[in-house]
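This is the structure I want to talk about, given as structure tokens.
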Number of protein chains: 2
Amino acid sequence: MKIDPTNPADLSAQIAKAIRDAIISGALPVDERLPSEAELADQFNVSRPTVREALKRLAAQSLIRTQRGATGGAFVNRLKFEDAYGQQITTSTLLLSMNDVSFATACEARYALERACAPLSAQRRTADHLATMRAEAHRQSQPGLTDEAFCASDVAFHRALVDAAGNPVLSYQLAGAVEAMQPLMNMITFTARSRETIIALHTAIADAIEAHDGANADENLAKLARYTQELAQDVIAQRQAARASK
Amino acid sequence: MKIDPTNPADLSAQIAKAIRDAIISGALPVDERLPSEAELADQFNVSRPTVREALKRLAAQSLIRTQRGATGGAFVNRLKFEDAYGQQITTSTLLLSMNDVSFATACEARYALERACAPLSAQRRTADHLATMRAEAHRQSQPGLTDEAFCASDVAFHRALVDAAGNPVLSYQLAGAVEAMQPLMNMITFTARSRETIIALHTAIADAIEAHDGANADENLAKLARYTQELAQDVIAQRQAARASK
DNA sequence: CAATTTTCATTTGTCAGACAATTAAACGTC
DNA sequence: GACGTTTAATTGTCTGACAAATGAAAATTG
């Protein structure tokens, strides 16, 4: 692990990169203790605050964890799927909001990925996953449910569908897509009319998954995708009309 | 933006969270300049090093950029897809290597996601994307190509396939899955025999994409997925046999 | 007056040294 | 041997300082 001492700027970034590379390459295995901040400062020939800034960068990516005390220090962290979810959701949310990604594009991506899971989910679903999907579909039909609660339930339904595929890598990838889209989805579920149709499709999907019928599940997901897109178009058209009349 | 002063530990994490939430909520728009480090230190009632550690955490996630000088400071960064790629690849790579994700699981996820793109790619592919796919398929058939170069070309081929869908959200999601799997894929492409079959399937996929035939592309992707899984199983079996004979 | 150079104030990047808080191990004491 | 005490190591934070970069204002020059 070496840094370029000729460039006295961004030292903490260079140090962070050196340690990150060592972790990715496997030179620093999981739960390995890094040298203390003072030792790192000596090794890299920088001050302790600079080392600390580098370590904080790595901590922000959940690559290390720190512990105080006599046997404390910085340890290479086993990156868990749950840790990665949060970052994935944050990043996806900001990507969508900062890059003028259209609802159509985001929606298309989401349903394309979700349909990729459908055959696997139909094949491998457990009673547990199915029960979750049923429970969420039932909750969605409760009158008086707020839009936020409906959307949260919608996310839970689709996550159960994805988790039923029994592939953590797929679950991780889709978590970002589904959760990041929730704010965008909020705007199209505010009428009782659209809720009815969505719930009907959710029920049809759950039926297909229960029957291990991947093709049927895929078909109903496609219908849901189409219906969602249409609703969004209507909402956008209405808003433009309202703006024009002002 | 408030922090909890009663807990004098993890101050930098609290400050980072406060600023991150403000960015995600939109309270701090893109290109907005944050207060100077000294001002932030005053506002949060902490020292400048603590503020700096918080800012470095945000910089590690590409949420802010910093600039020195009179009109410098920390600015809310527009998160670009290309910035997010790197983090996505790092995270995915570590998730796979640190969680004993089997080759089968990773491979299944990758091809499931890629097949989700196939219909869109067949429909929307430009001459450019097709040319890239053809060029990479041709490169793969060159004799004397190293394993690393073959795999790099393989990744380039599949990225072109995904990019042809014309959906940046899909491209972003898949970039992580495809690139993170490259180290795992490396081990199964070292025989001329397997290369031939892979190249034949790549060519078939390119043909299908050229003909706007999504179903055909999907079918050949499925074949490629199956063949890859079989190769991996053989390699693993051979290794176990070699270990047993020692 | 216009153009150029110089100066200067602001801000980040880095450093040195210090103290507080935490934690586990070493040490006594009963 | 069990239980409290001390101690050393380590991170978390603070203070104060200086260097480097950078744009704006001031001074200089044609």
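In region B:100-119, what residues are more than 7 Å from chain A (Cβ to nearest Cβ) and within 13 Å of A:P119 (Cβ to Cβ)? Explain how you work it out, then say what you get.
Kept after step one, since they are more than 7 Å from chain A (Cβ to nearest Cβ), are these residues of region B:100-119: B:100, B:102-104, B:107, B:110-111, B:114, B:118-119.
Residue satisfying the conditions is B:Y111 alone.
Next question, about the same structure. Under the condition of being farther than 23 Å from A:I89 by Cα and among the aliphatic types (A, V, I, L, M), which residue from region B:103-133 is surrounded by the fewest Cβ atoms within 10 Å (Cβ to Cβ)?
B:A127
Residues B:L79, B:L58: which one is at the interface with chain A (Cβ under 9 Å from one of its Cβ atoms), more than 9 Å from DNA strand D (Cβ to nearest atom) and outside any helix (DSSP H, G or I)?
Numbers: B:L58 fails: outside any helix (DSSP H, G or I).
Exactly one of B:L79, B:L58 is at the interface with chain A (Cβ under 9 Å from one of its Cβ atoms), more than 9 Å from DNA strand D (Cβ to nearest atom) and outside any helix (DSSP H, G or I), namely B:L79.
What do you reckon, is A:A74 closer than 30 Å to B:D100 by Cα, facing chain B (nearest Cβ under 7 Å) and not acidic (D, E)?
Details: closer than 30 Å to B:D100 by Cα: yes; facing chain B (nearest Cβ under 7 Å): no; not acidic (D, E): yes.
Criteria not met by A:A74.
For region B:109-119, does any single residue satisfy the condition of being more than 16 Å from DNA strand D (Cβ to nearest atom), among the hydrophobic types (A, V, I, L, M, F, W, C) and either outside any helix (DSSP H, G or I) or outside the structural domain of B:L224 (by TED's automatic domain parsing) (or both)? Before you say what the answer is, go through the steps one by one.
From region B:109-119, those more than 16 Å from DNA strand D (Cβ to nearest atom) are B:109-119; that's our starting set.
When the remaining residues are screened for being among the hydrophobic types (A, V, I, L, M, F, W, C), the result is B:109, B:112-113, B:116-118.
Filter once more, so that each one left must be either outside any helix (DSSP H, G or I) or outside the structural domain of B:L224 (by TED's automatic domain parsing) (or both): none.
Among the residues of region B:109-119, not one is more than 16 Å from DNA strand D (Cβ to nearest atom), among the hydrophobic types (A, V, I, L, M, F, W, C) and either outside any helix (DSSP H, G or I) or outside the structural domain of B:L224 (by TED's automatic domain parsing) (or both), which makes the answer no.
Output the residue which, of all residues in region B:164-179 that are touching a Lys or Arg at 6+ places or on another chain (Cβ under 9 Å) and in a helix (DSSP H, G or I), is farthest from B:S141 (Cα to Cα).
This residue is B:V169.
Now for a separate question. Based on what the data block shows, is B:A16 away from DNA strand C (no atom under 15 Å from the Cβ) and touching a Leu at 6+ places or on another chain (Cβ under 9 Å)? Break it down stepwise before answering.
Details: away from DNA strand C (no atom under 15 Å from the Cβ): no; touching a Leu at 6+ places or on another chain (Cβ under 9 Å): yes.
Spelling it out, it is not the case that B:A16 is away from DNA strand C (no atom under 15 Å from the Cβ) and touching a Leu at 6+ places or on another chain (Cβ under 9 Å).
Give the residues of region A:39-85 that are within 16 Å of B:Q88 (Cα to Cα) and within 12 Å of DNA strand C (Cβ to nearest atom), sorted by residue number.
Correct list: A:R57 only.
Among the residues of region B:162-177, write down those that are more than 11 Å from chain A (Cβ to nearest Cβ) and crowded, with 24+ Cβ neighbours inside 10 Å.
Selection gives B:A164 alone.
Filter region B:61-71 down to the residues that are facing another protein chain (nearest Cβ under 10 Å) and not small (G, A, S), then identify the one that is nearest to DNA strand D (Cβ to nearest atom).
Applying the first criterion (facing another protein chain (nearest Cβ under 10 Å)) to region B:61-71 yields B:61-63, B:66, B:68.
Still in the list and also not small (G, A, S): B:61, B:63, B:66, B:68.
Details: B:Q61: 18, B:L63: 19, B:T66: 11, B:R68: 4 Å.
The residue in question is B:R68.
Within the set of pairs 6+ apart or on separate chains, which have a first residue in region A:194-221 that is within 16 Å of A:C117 (Cα to Cα) and touching a residue at least 24 places away in the same chain (Cβ under 8 Å), a second that is buried (at least 16 other Cβ atoms within 10 Å of the Cβ) and basic (K, R), and C-beta atoms under 7 Å apart?
From residues that are within 16 Å of A:C117 (Cα to Cα) and touching a residue at least 24 places away in the same chain (Cβ under 8 Å), the pairs are A:A206/A:R134; A:I209/A:R125; A:D218/A:R115; A:L221/A:R115.
If you don't mind, there's one more thing I want to ask. When you go through (1) farther than 22 Å from A:S92 by Cα; (2) at pLDDT 95 or above; (3) part of a loop (DSSP other than H, G, I, E, B) one by one for B:D100, which number turns out not to apply?
All conditions pass for B:D100, except number (2).
What number of residues within region B:144-161 are open to solvent by 40 Å² or more (accessible area, probe 1.4 Å), of a type in the set (G, A, S) and part of a helix (DSSP H, G or I)?
Adding up the residues that qualify gives 1.
Within region B:13-27, can one find any residue that is surrounded by 14 or more Cβ atoms within 10 Å (Cβ to Cβ), within 28 Å of A:S92 (Cα to Cα), away from DNA strand D (no atom under 16 Å from the Cβ) and among the small types (G, A, S)?
Checked against the condition, which is being surrounded by 14 or more Cβ atoms within 10 Å (Cβ to Cβ), within 28 Å of A:S92 (Cα to Cα), away from DNA strand D (no atom under 16 Å from the Cβ) and among the small types (G, A, S), region B:13-27 yields at least one hit.
The values are calculated or read from the model by the stated rules, or taken from the named source; none is laboratory data. Values in this document were obtained by computation on a predicted structure and should not be read as measured data. A quick note on method: Cβ atoms are made from the backbone with ideal geometry, for glycine too, and the neighbour counts reach across all protein chains shown. Surface areas here come from the heavy atoms of the whole protein model, side chains and all, with no ligands, DNA or RNA. Shrake-Rupley method; radii C 1.70, N 1.55, O 1.52, S 1.80 Å.
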